[in-house]
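Written out below as structure tokens is the structure these notes cover.
The values are calculated or read from the model by the stated rules, or taken from the named source; none is laboratory data. What you see is a predicted model; the values in this text were computed from it and never measured. Because the Cβ atoms are built from the backbone with ideal geometry, glycine has one as well, and the counts that use them run over all protein chains shown.
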Amino acid sequence: GRLRETRAGAARADVVIMTKCLPDFSMEKQAEVIAQVRRYTRPGVPVLFSAYDYAAPRPLTVAAQALGLPVAGQPALLLTGIAQPGPLREHLLAAGFQVADEFIFPDHHAFTPADLAAVRARWRAGQAIFTTEKDATRLLAPALAEALAGLPVYTIPVRVALLGTGAAQLRQLLPGLSAGQPVIL
């Protein structure tokens, strides 16, 4: 993102973590990226790769709890205010949901009752509404309770997972991490 470190800042880094990689990022592609990154780092600085790891949907609203978990093949509406919603959309499609509609707001969007009224106007019965945990914190604002009532909204938990031997390498760099402890970024 725009608020991240510049390439020149890599010269100060003790480790470089490339984010938002595809989970099947090949060793050949990793080697190409490492070669490019090495132009900016000190010799021997580890270059690790991470990807998003999505979990099963969780009900956010009372309406979602009453309906139970959504199932593959079900129509879906994506509601989010994150910088790059593409990976989440791709995850939903890969999980078998039919993303029939989307409300994509800017990153860190402060949802309003009018936003949720627009969602409600386009929402169709049987359609699951998916959002991120990050967005859920803003959707649960007391000022939105009435506008959110009755909508079946589910969160998609996401964590960042290191690819390949990245977790083991990070444990070596950070001795406070025990071998049995998962590395979650």
Are any of the residues in the stretch 159-180 in contact with a Ser or Thr (Cβ under 8 Å, 6 or more places away or on another chain), closer than 16 Å to residue 58 by Cβ and assigned to a strand (DSSP E or B)?
-> no
Return a yes/no flag: does the stretch 127-135 have any residue that is acidic (Asp, Glu) and loosely packed, with under 14 Cβ neighbours inside 10 Å.
-> no
Of the residues 61, 41, which single one is in the same structural domain as residue 101 (by TED's automatic domain parsing) and either touching an Asp or Glu at 6+ places or on another chain (Cβ under 8 Å) or surrounded by 13 or more Cβ atoms within 10 Å (Cβ to Cβ) (or both)?
-> 61
Can you give me the number of residues within the stretch 130-140 that are under 12 Å from residue 151 (Cβ atoms) and free of Cβ contacts under 8 Å to residues at least 60 places away in the same chain?
-> 0
Within the stretch 1-15, considering residues that are in contact (Cβ under 8 Å) with a residue 12 or more places away in the chain and assigned to a loop (DSSP other than H, G, I, E, B), the one surrounded by the most Cβ atoms within 10 Å (Cβ to Cβ) | 13
Within the stretch 1-54, track down each residue that is farther than 28 Å from residue 157 by Cα and of a type in the set (D, E, K, R).
-> 7, 12, 14, 28, 32, 38, 39, 42
What number of residues within the stretch 16-66 satisfy the criterion of being of a type in the set (S, T, N, Q), outside any loop (DSSP other than H, G, I, E, B) and under 29 Å from residue 136 (Cβ atoms)?
-> 2
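Could you tell me which of the residues 11, 118 is of a type in the set (A, V, I, L, M) and within 30 Å of residue 164 (Cβ to Cβ)?
Of 11, 118, the one residue that is of a type in the set (A, V, I, L, M) and within 30 Å of residue 164 (Cβ to Cβ) is 11.
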Helices (runs of 4 or more DSSP H) fully within the stretch 84-150 counting 2 or more residues that are more than 26 Å from residue 21 (Cα to Cα) = 113-122, 133-139, 145-148
Which ones in the stretch 67-83 are in contact (Cβ under 8 Å) with a residue 12 or more places away in the chain, part of a loop (DSSP other than H, G, I, E, B) and small (Gly, Ala, Ser)?
-> 72, 73, 81, 83
Look at residue 114 and say whether it is under 30 Å from residue 154 (Cβ atoms) and within 17 Å of the chain's Cα centre (by Cα).
-> no
Reported set for the stretch 67-77 where residues are modelled with pLDDT of 95 or more and of a type in the set (Gly, Ala, Ser) is 76
Qualifying position, being touching a helix residue (DSSP H, G or I) at 6+ places or on another chain (Cβ under 9 Å), hydroxyl-bearing (Ser, Thr, Tyr) and under 20 Å from residue 59 (Cα atoms), among 137, 112, 132 = 132
